[in-house]
1. Given H placed on each backbone N at 1.01 Å, which residues far from residue B:164 in sequence or on other chains put an amide H within less than 5 Å of it?
2. I'd like the mean, over residues of A:19-29, of how many other protein chain beta carbons sit within 10 Å of each residue's own Cβ.
3. Which order do A:21, B:39, A:10 take by accessible area at a 1.4 Å probe, largest first?
4. Please give the length that would be gained between residue B:378 and residue B:282 if that part of the chain were fully extended, namely 0.36 nm times their separation in residues minus their C-alpha to C-alpha distance (nm, one decimal).
5. How large is ³J(HN,Hα), in whole Hz, for each residue of the range B:404-415 in order, when computed from phi with the Karplus curve 6.51 cos²θ - 1.76 cosθ + 1.60 and θ = phi - 60°, using x for Gly and Pro?
6. Can you list, bin by bin at 10 Å, the percent of alpha carbon pairs in the protein assembly as shown, starting at 0?
7. Is any residue of the range B:43-84 close enough, with backbone N under 18 Å, to a label point placed 7 angstrom from the Cα of residue B:127 along the Cα-Cβ axis, and if so, which?
8. Assign one of three labels to the range A:9-84, namely rounded, prolate or oblate, based on the Cα gyration tensor with a ≥ b ≥ c the square roots of its eigenvalues; rounded applies when a/c is under 1.5, prolate when it is not and a/b is larger than b/c, and oblate otherwise.
Amino acid sequence: MATTEKPTDEEILAGLAEIVEEVAGVEADEVTAEKSFVDDLDIDSLSMVEIAVQAEDRFEVKIPDAELANLKTVGDAVTYVAKNV
Amino acid sequence: MSTVDVVVTGMGATTPLGGDVASTWDGLIAGRNGIRLNEAEWVSKFDLPTKLSAPLAVEPSEVLPRVQLRRLDRCEQIAIIAAREAWADAGFVPPTEDSQSVEPERLGVAIGTGIGGPVTLLDQDDLLENQGLRKVSPLTVPMLMPNGPAAHVSIELMARAGVHSPASACASGAEGLATGWQMIKSGRADVVVAGGAEACIHQITVAGFAQSRTLSLRNDEPDRASRPFDVDRDGFVLGEGAGVLVLEREDHARARGARIYGRLGGAGITSDAYHITGNHPEGIGQINAITQAVRAAGLSPIDIGHVNAHATSTVVGDLGEAVAITKALGDHVVLTAPKSSLGHLVGGAGAVESIATLLSIYHGIIPATRNLENQDPKVSLDIVAGEPRKLLLNAAVNDSFGFGGHNVALAFTAV
């Protein structure tokens, strides 16, 4: 039996929402796929670095800076994690 | 000389005596003690010779939301707490994009600190060493930089007339006020949010001060440890805290019907150019700072009824200050030394003690110096001890001196 199963998109979204709440204080149920980190959730570039580091640890993925710059919405981040986990 | 007058319309503080100005002032008048046995594990781990500190009475975590706490160094947290209180006390409301109580281009900030965020620096270096680069916070630099407290306050209050963060050790808070005073006098701003903050109670700062032999070793009697001008004084107690005042051009304050506590009439800044920690033996810099402040306020020494002394409770420092005060002002002034209650708030001291100075004028009462049981026979000045003293005051001076030979005196007057 596999020790790690790939998380579902829903699980990734829930995990990201927890991280965003911890780092930026945005309530988890505000963190939905269509939201832009910068424009909708008011998250600055410094907080994005913290969110990326925590997401890397939680989902065991690598998020290089060049990729991080492309993750405009929460949905972008879910898709990236799902692909690379 | 500019005819612009500078008044104080708001005050905020968080100190070892209380989380705001009212509780701090009540504590000073009641003669309460803010000094505690320091029970941090590092005191015994390193067998530090002083086991005392004066921690905040109210933890910032009780006041600020969790996310703001994690983005700010403790020094920045307390500067913001004090600034918010001062801002509201002045009758202003938090700015929005559409509406500001003070035109942003006419609002400045001048908040000093002795050292800024050394605890952040050390904590983040530990993370780098033990867990690697990824664990270092991207907020490390803005949290440790000594201009951080002033900069955060400028963002919160939308202040665009310039941000200053004087670093003059234990005179930093007073220099913040002097800087704000100059900004208004010179026409750069109508309102300046000014003061100082310090939060650096840590094993390395206590160890460093201990090695310089400046701390009280009266570990078995925390409430009797800080005793300025007493013959048995043996050093200061490191504290933490912030004080912020809203300085305002007098006509600006009157036009909006603001409550005015008093005037910051003058500021004097000099430097000893003598020794990195020791006082100049003749106190020339201290005397000149006091004299300049009084002159800038348009006053004569005889007009000054009260001095809120820097007096940290060191053997040499208190004596030197008493001599300087006598030479600058004469022997008629009535002194008090609030570090007997508060401990030494370093960069916060000059601002918090300026609040006490101004409230003494405003309320006509001078807090007593705690623990002044046997006044040093070498000091003949009248120092309030035992009970607070009611006294009608038209003008008073606050002294602040710092490692490096910094001397700042501020002259406050009644309106």
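The values are calculated or read from the model by the stated rules, or taken from the named source; none is laboratory data. If you're wondering where the values come from, they're calculated on a predicted model, not measured in any experiment. So basically every Cβ, Gly included, is an ideal-geometry build from the backbone, and we count neighbours across all protein chains shown. Just so you know, the surface numbers come from the protein's heavy atoms only, side chains and all, with ligands and any DNA or RNA stripped out. Shrake-Rupley method; radii C 1.70, N 1.55, O 1.52, S 1.80 Å.
1. When sequence neighbours closer than 5 places are left aside, the close amide H contacts are B:109, B:110, B:111.
2. What the average comes to for A:19-29 is 2.
3. Values: A:21 70, B:39 160, A:10 135 Å².
My answer, sorted largest first, is B:39, A:10, A:21.
4. Numbers: separation 96, 0.36 × 96 = 34.56 nm, distance 1.50 nm.
Full extension of this stretch gives 33.1 nm more.
5. Whole-Hz 3J(HN,Hα) from phi for the range B:404-415: x, x, 7, 10, 10, 10, 10, 10, 9, 9, 6, 9.
6. P(r) for the protein assembly as shown, in whole percents per bin: 4, 20, 27, 22, 14, 8, 4, 1, 0.
7. The answer is B:66-77.
8. On the way: a/c = 1.33, a/b = 1.16, b/c = 1.14.
Rounded, since a/c falls under 1.5.
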